[in-house]
């Protein structure tokens, strides 16, 4: 690609072409934020992952359809007993700096991320893991505190780092992994460059150099794509889809939901909560607010691609008359409820908030919409004693498992949950520990049905991820929203 | 003058202390930093552990004591967001903002003198109306919108300049223009009205009457007398930009400066980074003010600094 500005850039590009026999294939990716660090185990940061997902690998991976497959592991792990899993590793793989990838590296990686003093933000994904030990050079056992059926999914999240270099102070600034791309440079504030790893165990990738740029403003990102400076941009706004050369979408990981407080006077009435659910025309929300780039949530917060998704549930029906009748018969007509939300934190958050408020207002309730600054919002969301009647939040289900969204939104005493259903809390804990896959799926089926019937929350939409792509790129994004450059190609 | 500078520096230290104390208190009043730092779905247990880790579970006075003690040693702790020394982040971004300031506000300062003067020479003339009209436009168009329009015109449609980012000299042109416009408008209006006042004074009339050429009247008498006011306003433009007005331009053009970093630190509730940024900006502003005072004295010896 020849950048359109500056004669010197053109001259340089020409000089580069002359000095190299084949044309080096570069692509430019525009992210909405700069990675906070390139230590793949420290933070829970989507921009960091966008880069690290190409440098590092985990024991497990997912194919483009989202199914769990072995990554650095040679095969699916075997469960030795209730709390021990055994992984056989691929042999002959080394880190970019030459350190071998073996059982010691896995043990180091596991123990590093779970160490309390390391204070990883990813700890919530690995809370059940006790430690790891090497059996032989290519066999590792990972132990959990209780039964943990989704350990393989957790290991899809945990990136493997080199034991010697991992202790180097430079590690977070100049990463070394086993992945298809090697770290090449980081100009803080402006660019990160990765280069193809010619020795990658699964074949050398097609694109030689990847440049990541950080552009917070959606309009500026779009301009970068339109001017030909960028090949892929993330978080394209739905209204820009028709403008860009190419837009690709994939079912995303985010679901918007309104958690209702079952302990407050008005929202404590089950009929009122039911009315709040059926008062909303989710199809219209998806169509008008998101331009069709979202689907009505199927009556649950669990992502459709996640383990524990209840296939039997359908989206709450849209029945404005029924909702009005319920509000009337429950004696709540004219009462005021508070709906708390955000503006600008999540895609179209304010628009969803206002649309929902209008639907609810139409049932005969008075809806008081409040938008707080993020810190103040979180304080109210996490305060069980002074919970607003309804809080809109967007949950992102990176691990693709029902446990986190369910415990966060429904388990008494956790995160955003706002009910006093001790039995439900017990169920959620039980499902977390259940090792039998069938039984576990069945438990989630019951839990999701229970919260559906009890209307503990108002699931709204499953949002799609939209990427803007230049005309020369060929790429199909993945269900797990990872930007895997090895899966991209350029046709020129 | 020496004792004056010492006194001003002493006051400056008090100002910096007061500002950082206010930031310390405010960042802890608005919301719980732990909630903001951790993922939305973190468990209650993890929140408590994190609060302990960064010391937020200790009494506020103890936290403040530690903060002051470390700040005296120029240690502002590690940025929670970037996990490296907060001061390192600040010192990395500060030069970018200064570069933008020099090229943006600098252009405004340099251009506003001739523009304002030309307008003042023939008040009500076509050139004057044009400059005043453009000035009003520059003042009333939001910087955000101007920035995007510049990008669309020069980068997307004509493909002449990069849309955003930093690196080559070409990268700085558009952000500088967006940065300069409102300042240029304010400063030229100031020069125009001050110069008009000056040119109507009697000694200027006398100078004209005795046949002194116009360019000498303007440069020797006019400029000299409006300079003090012009410098004050120019200093203010720099201070405005430093104290946060560069955020808009830096965000639109993805310019990795201090303003954008401050915004991100606020969004991520990165207390330690925020404290370091405020500390540095406060020091810079104190120094700029001091420099302005000294320049006054040099420009107009009649000014009594005491």
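Just to confirm the number: angle between the C-alpha axis of helix B:258-267 and the first principal axis of chain B, 0 to 90 degrees, nearest 10?
40 degrees
If you line up the long axis of helix B:126-140 against the longest principal axis of chain B, both from Cα atoms, how many degrees apart are they, to the nearest 10?
With rounding to tens, the tilt is 10 degrees.
Sorted by average packing, counted as other Cβ atoms within 10 angstrom per residue and highest first, what order do A:294-301, A:358-365, B:54-61, A:169-176 take?
Working: A:294-301: 23.6, A:358-365: 19.1, B:54-61: 12.5, A:169-176: 17.0.
The packing order, highest mean first, is A:294-301, A:358-365, A:169-176, B:54-61.
Relative contact order for segment A:251-464: what percent, with Cα pairs under 8 Å and sequence separation of 6 or more? The partial results should precede the final answer.
Values: 421 pairs, mean separation 79.5, N = 214.
Taking the mean separation of contacting Cα pairs over the length of segment A:251-464, I get 37 percent.
Looking at the protein assembly as shown only, what percent of DSSP beta bridges run antiparallel? Nearest 5 please.
75 percent
Let me know the mean shielding of B:82-88 by other chains, meaning the per-residue number of their Cβ atoms within 10 Å of its Cβ.
Working: counts 7, 8, 5, 0, 0, 0, 1.
Per-residue shielding by partner chains comes out at 3.
Distance from the Cα centre of segment B:153-167 to that of segment A:436-491, in angstrom?
If we compute the Cα centre of each part, the gap is 35 Å.
Using a ≥ b ≥ c from the Cα gyration tensor of segment A:175-232 (square roots of the eigenvalues), is it rounded, prolate or oblate, where a/c under 1.5 gives rounded and otherwise the larger of a/b and b/c decides, a/b for prolate? Can you show the working numbers first?
Details: a/c = 3.37, a/b = 1.91, b/c = 1.76.
Since a/c reaches 1.5 and a/b is larger than b/c, the shape of segment A:175-232 is classed as prolate.
For segment B:96-255, what is the relative contact order in percent, using Cα pairs closer than 8 Å and at least 6 residues apart in sequence? Present the calculation step by step, with values, prior to reporting the outcome.
On the way: 173 pairs, mean separation 57.8, N = 160.
In percent, rounded to a whole number, it is 36.
Mind running the shape call on chain A? Use the C-alpha gyration tensor, a ≥ b ≥ c as the square roots of the eigenvalues: rounded below 1.5 for a/c, prolate if a/b tops b/c, oblate otherwise.
Numbers: a/c = 2.34, a/b = 1.37, b/c = 1.71.
The shape class here is oblate.
Tell me the relative contact order for segment A:56-166 as a rounded percent, counting alpha carbon contacts under 8 Å between residues six or more apart. All intermediate terms of the calculation are to be shown ahead of the outcome.
On the way: 201 pairs, mean separation 36.3, N = 111.
Worked out over segment A:56-166, it gives 33 percent.
For chain B, just say rounded, prolate or oblate: build the C-alpha gyration tensor, square-root its eigenvalues into a ≥ b ≥ c, call rounded for a/c under 1.5, and beyond that prolate if a/b exceeds b/c, oblate if not. The partial results should precede the final answer.
Details: a/c = 3.27, a/b = 1.68, b/c = 1.94.
The shape class here is oblate.
How do the peptides A:437-446, A:36-45, A:281-290 rank, highest first, by the average count of neighbouring beta carbon atoms within 10 Å per residue?
On the way: A:437-446: 16.2, A:36-45: 22.8, A:281-290: 17.7.
Listed from highest to lowest mean packing, they are A:36-45, A:281-290, A:437-446.
Using alpha-carbon positions, what is the distance between the centroids of segment A:233-248 and segment A:283-315, in Å?
If you average the Cα positions of each part, the centres end up 21 Å apart.
Arrange the peptides B:243-249, B:271-277 so that the one whose residues have, on average, the most other Cβ atoms within 10 Å appears first.
Values: B:243-249: 20.3, B:271-277: 25.7.
Taking the mean over residues of other Cβ atoms within 10 Å, the ranking is B:271-277, B:243-249.
Mind checking the mean number of beta-carbon atoms from other chains within 10 Å of the Cβ atoms in A:116-123?
Values: counts 3, 1, 1, 7, 1, 8, 1, 8.
Mean shielding count: 4.
When you have a sec, figure out the Kirkwood radius of segment A:251-464 from all distinct Cα pair distances and drop it here in Å to one decimal? Write out the running numbers ahead of the final one.
Numbers: mean 1/r = 0.0587 Å⁻¹.
Averaging 1/r across every pair of different Cα atoms and inverting gives 17.0 Å.
Evaluate peptide B:146-158: per residue, the Cβ atoms of other protein chains within 10 Å of its Cβ; return the mean as an integer. Mind dumping the intermediate values first?
Working: counts 0, 3, 5, 0, 1, 8, 5, 0, 2, 9, 9, 2, 3.
Whole-number average of other-chain Cβ neighbours for B:146-158 is 4.
In degrees, nearest 10, range 0 to 90: what is the angle between the Cα axis of helix A:103-114 and the longest Cα principal axis of chain A?
Here the helix axis deviates by roughly 40 degrees.
So for the pair residue B:6, residue A:288, with labels modelled 7 Å out along Cα→Cβ, what separation do we get in nm?
Each label point lies 7 Å from its Cα, and together they span 7.2 nm.
Enter the Cα centre distance for the pair segment A:370-387 and segment A:31-84, rounded to the nearest angstrom.
Segment A:370-387 and segment A:31-84 have Cα centres spaced 32 Å from each other.
None of the figures in this text is laboratory data; all of them are computed from the coordinates on show. Not measured: the values here are computed from a predicted model. Cβ coordinates were reconstructed from backbone atoms using ideal geometry, including for glycine residues, and neighbour counts include every protein chain displayed.
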